Amino acid sequence: MEILFVSSSKIPSKFPQRSDHLYRELKSMANIKIIEAYNPFLGIIKVLKNRKIKCKIFSGFRAGLCALFCKPFIKEYIYDLVEWKVDLCRDNWKGIKRIFIPLIEFLEIEIIKNSILVFNAWHYLIPPIKINKPIIFAPNGYNSEIFNPLKYNREELRKKYNVNFPLIIYIGKLTNMYVKYLIPVIKSMKIVNKEFPNAEFWIFGEGEGEKELRKYISENVKLKGYIEYKYVPEIITIADIGINAYKTESLKLIEWLSMGLPVIAPKSVKIPGVINCNWNEEEIANKIIKILKNYNRNIIKLNDWKETAEIIFNTCKKIYS
């Protein structure tokens, strides 16, 4: 079977995205042609050159734009709904850029409406619209080769990183939408440190929000900068708690849960194994303290990327075989 897979992100990307993982797994199942649509205009040209391939999957908003503008020439396409793009724009865009937010929402709705099928990456459907077509749940997963808790020795790694104290972590971009969720966690550390004086909160990542975060940094909160993806499982292993600093789930959340790391997230994050709370410093601190007093790691069974790729492949096979 032949699949044209169009990705919104660059492959390989600095920090692997959904498209990276799906492409890696799908290419072992099908004859797959990959197209990067990080620049949607170049993506359109490449899609038109390969329009004879019947099964076309467009993953993410930028790729979806290619699909929408190519629709008269490619007839039909499948949309892989990675995230509800307008929410990210509302949380990140400032100034004059905000006038384009309604346009972003309109375009994604049109991308969805013009597809023949939607793969939904989330544990609940994000768009606040009625979708009059099949919706297949193809959840975000984790790389079971890398994020395997049996491969890492916690005691040895804590010695390597000189960690002999309770450790809370965040790993990800430091854009505006994450920063506003990180600030209450930073503030909560003053409460946590009354019970656990040596507990620390380590923030890994880089972005324009770093300047704002520095206003709130204290002795037990450290900005650690960018970390290579290959070292992420080690950080998960040495940590005691992970912070999902946004109102929806993320790839890192799946990876953390798969290794048994307790994760605190806002109440809007509906996924098995997550510890939810109202997102203010008092409640976050209470959750951290409670977890540290009764510490336990429970591995949550979630889809790995191979299982998710199989859902996508088998669905496409039924349509195009």
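Just so you know, all these numbers are worked out from the coordinates, no wet-lab data involved. Nothing here was measured: the structure is a model prediction, and the numbers come from that model. Here Cβ is always computed from backbone atoms with ideal geometry, including for glycine, and neighbour counts include all displayed protein chains.
Rounding to the nearest 10 and keeping the result within 0 to 90°, find how far the Cα-based axis of helix 101-114 lies from the longest principal axis of the chain. Approximately 50 degrees, to the nearest ten.
With respect to the chain, whose longest principal axis is taken over its alpha-carbon atoms, helix 40-49 is tilted by about 40°. Shape verdict for the range 3-94, please, from the Cα gyration tensor: rounded (a/c under 1.5), prolate (a/b greater than b/c) or oblate. Since a/c reaches 1.5 but b/c is at least a/b, the shape of the range 3-94 is classed as oblate. Taken one residue at a time, the phi angles of the range 205-210 give Karplus couplings (6.51, -1.76, 1.60, θ = phi - 60°) of x, 8, x, 5, x, 4 Hz. Gly and Pro are set to x.
For the range 32-91, GluC sites (Glu not before Pro) are listed when DSSP marks them as loop and at most 15 other Cβ atoms sit within 10 Å of their Cβ; the list is 76. Loop-located trypsin sites (Lys or Arg not before Pro) in the range 183-216 (DSSP state other than H, G, I, E, B) with a sparse environment of at most 11 neighbouring Cβ atoms within 10 Å: 214, 215.
Distant-in-sequence amide contacts of residue 137, defined by a placed amide H-H separation under 5 Å and a gap of 5 or more residues or a different chain, comprise 120. Could you pull out the pairs from 211/301; 173/317; 224/270; 10/75; 33/230; 56/224 whose alpha carbons sit more than 32 Å apart here? The answer is 211/301; 173/317; 56/224.
Cross-link pairs exceeding 30 Å between alpha carbons, from the set 133/287; 52/247; 194/267; 151/190: 133/287; 52/247; 151/190. Tell me the relative contact order for the chain as a rounded percent, counting alpha carbon contacts under 8 Å between residues six or more apart. Once divided by the residue count of the chain, the mean separation gives 17 percent. At full extension, residue 230 and residue 319 could sit 28.3 nm farther apart than now, given 0.36 nm per residue minus the alpha carbon distance. A cut-off of 5 Å between modelled amide H atoms, ignoring neighbours fewer than 5 places along the same chain, links residue 32 with 3. Nearest 0.05, what FRET efficiency do residue 137 and residue 164 give at R0 = 41 Å with Cβ-Cβ as r? After rounding to 0.05, the efficiency reads 0.45.
Can you tell me how the range 86-186 classifies by the Cα gyration tensor, rounded, prolate or oblate, using a/c under 1.5 as the rounded cut? List each step's numbers first, then the result.
Numbers: a/c = 3.90, a/b = 1.61, b/c = 2.41.
Judged from the Cα gyration tensor, the range 86-186 comes out oblate (a/c at least 1.5, b/c at or above a/b).
Shown here for the range 3-87: trypsin sites (Lys or Arg not before Pro) in loop regions (DSSP other than H, G, I, E, B) with at most 12 other Cβ atoms within 10 Å, namely 14, 52, 75.
Classify the range 239-304: rounded, prolate or oblate, from the alpha-carbon gyration tensor (a ≥ b ≥ c, eigenvalue square roots; a/c under 1.5 rounded; otherwise prolate if a/b is larger than b/c)? Verdict is oblate for the range 239-304.
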